[in-house]
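Undergrad: Dumping the structure here so I can ask a few things about it.
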Ligand code: GDP
């Protein structure tokens with residue numbers, strides 16, 4: 001599957017041409033962090049977040065995203081203080097191949113939410129940061145209408161590090177956004193499986209956007225991702241595409257029947273939408289509300305969040321161990337030495353790993 005190129009107008013990317021409002025301006029946050037004279041007062045930051053102050057929220061997210069130890073320590077304290085005020089949102093994951101209409105759909109659904117007095121945060125996980133080692137994101141966002149709304153907060157994907165690291169940062173950002181009063185959180189991604197799994201593990205409801213007419217293979221959608229979906233949306237059901245979309249709906253409904261029933265008690269379904277014509281979009285929100293009602297009643301909602309919290313504990317442990325191990329300066333030479341030996345066949349890779357780990361944990 002093709003990853004996004006710089007300059008694409010996509011949901012995970014940025015569109016040139018409009019200035020971001022302060023809510024998405026990372027510059028002010030960077031300045032804030034660089035100001036050495038400025039002492040971070042924990043309570044000041046936490047109170048700012050709880051009061052819904054967007055520039056304080058942005059600064060706190062920048063701390064979460066920072067790889068500096070001192071920022072990390074402060075970020076952890078902020079998260080701890082925000083935790084009791086978090087959890088009260090509906091978290092929705094949104095995925096689909098580039099061009100399927102994610103950003104257009106998010107803008108349409110997002111505007112519906114804003115008009116019905118919701119506060120919406122849109123976050124993203126960009127799996128390409130791991131592969132490219134750098135960011136393909138800029139400081140401007142591309143959902144023009146939404147980004148102009150004071151009750152919408154759009155934050156691009158954390159831009160560096162492993163997918164695990166990026167996902168952990170997003171997970172923590174959810175907590176901060178909830179503490180700041182956002183009642184709906186969208187987390188958008190595009191990828192080849194891995195990033196969807198990460199997003200699935202941090203949301204209550206998972207949406208998969210598809211196109212009519214293109215085969216699953218063509219769309220790069222793996223069976224596993226379809227299985228994760230609580231709802232499949234066939235987008236671009238407009239103009240001459242309407243009938244094809246209806247046909248695709250039937251096909252996907254049949255395909256979904258083949259999957260084993262979900263623990264949530266929810267039966268995944270297929271909707272058709274046109275994000276540009278804004279048809280079917282509200283139905284998606286009604287469906288999410290139905291899901292929330294059902295799973296709060298049968299207690300899956302809470303159970304799922306508990307399981308997710310457990311998963312994130314283990315993910316964080318694994319990520320920390322990995323980072324610690326590979327960033328340990330004293331180990332670098334030793335690791336290089338063993339790499340050479342493995343390449344030359346002087347030692348087998350499993351034995352090399354065992355020796356390195358033994359000496360690390362000593
Ligand atoms: P993303 O990469 O998944 O975020 O896709 P975009 O939202 O950027 O949309 C890609 C292109 O498809 C843009 O030119 C949109 O205007 C167009 N598009 C999005 N949704 C629809 C739709 O419902 N109908 C039609 N006809 N075009 C759409």
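Undergrad: Rounded to the nearest 5, what % of the DSSP beta bridges within region 86-297 are antiparallel ones?
TA: Of those bridges, close to 5 percent are antiparallel.
Undergrad: What is the order of 116, 184, 197, fewest Cβ neighbours within 10 Å to most?
TA: With the sparsest Cβ surroundings first, the list reads 116, 197, 184.
Undergrad: For 355, 225, 317, 54, which order do you get if you count the other beta carbons within 10 Å of each Cβ and list the fewest first?
TA: 317, 355, 54, 225
Undergrad: Using the number of other C-beta atoms within 10 angstrom as an exposure proxy, rank 249, 282 with the fewest first.
TA: 282, 249
Undergrad: With a point put 7 Å past each Cα toward its Cβ, work out how far residue 277 is from residue 344 in nm, to one decimal.
TA: 6.9
Undergrad: Between residue 317 and residue 335, how many nm apart are label points set 7 Å from Cα along the C-beta direction?
TA: Computed distance between label sites residue 317 and residue 335 equals 2.1 nm.
Undergrad: Still on this model: In nm, to one decimal, how far is the modelled label at residue 162 from the one at residue 42, with both set 7 Å along Cα→Cβ?
TA: Here the modelled spin labels are 2.8 nm apart.
Undergrad: Label region 86-297 by shape, choosing from rounded, prolate and oblate, from the square roots a ≥ b ≥ c of the eigenvalues of the Cα gyration tensor; if a/c is under 1.5 it is rounded, and otherwise prolate applies when a/b is larger than b/c, oblate when it is not.
TA: Verdict is rounded for region 86-297.
Undergrad: Right, another one. Can you bin region 310-361 into rounded, prolate or oblate? Criterion: square roots of the alpha carbon gyration tensor eigenvalues sorted a ≥ b ≥ c, rounded for a/c under 1.5, prolate for a/b above b/c, oblate for the rest.
TA: Verdict is prolate for region 310-361.
Undergrad: Distance from a point 7 Å along Cα→Cβ of residue 292 to each backbone N in region 227-259: keep the residues under 17 Å and list them by number.
TA: It comes to 230-231, nothing else.
Read the figures in this text as sums done on the coordinates, not as results from a lab. Every value quoted in this text rests on a predicted model; they were computed, and no experiment measured them. Every residue, glycine among them, receives a Cβ derived from its backbone with ideal geometry; neighbour counts consider all protein chains shown.
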